[in-house]
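Single-structure report; data block below.
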Amino acid sequence: MRIAELVVMLFEGYALAGTLFGLLFIPRAAARMDPGLTHAPMAVRLLILPGVIALWPLLALRWVSGATAPIERNPHRDKASAP
């Protein structure tokens, strides 16, 4: 029983940390990482909140490193940029 309580407590801590991170990340850094969010309504930002809560360690690393939106890699783009 103690192991189950520990697992639940760890999950709650992760979710709480993700929620606090999300409340800081969405208004400040989300639009910097994805320029499509610059003029998005608050409803769109609230829709991405569950994903931010779940993936907060990854997003925190990207925020700290100053990463922007990644460039898509596909065969068409690779062929167009080949000499």
- line: Taking segment 41-83 and keeping only residues that are farther than 25 Å from L24 by Cα and not hydrophobic (A, V, I, L, M, F, W, C), one is left with E72, R73, N74, P75, H76, R77, D78, K79, S81, P83
message: Cβ-Cβ under 8 Å, sequence separation 6+ or interchain: first residue in segment 18-36 and loosely packed, with under 15 Cβ neighbours inside 10 Å and acidic (D, E), partner at pLDDT 90 or above and assigned to a helix (DSSP H, G or I). Which pairs?
response: none
- line: Flagged in segment 30-83 as more than 16 Å from the chain's Cα centre (by Cα), part of a loop (DSSP other than H, G, I, E, B) and of a type in the set (S, T, N, Q), in numbering order, are N74
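The values are calculated or read from the model by the stated rules, or taken from the named source; none is laboratory data. Note that the structure is a prediction, hence the values are computed from the model and not measured. Cβ: placed from backbone, ideal geometry, glycine included. Neighbour counts: every protein chain shown.
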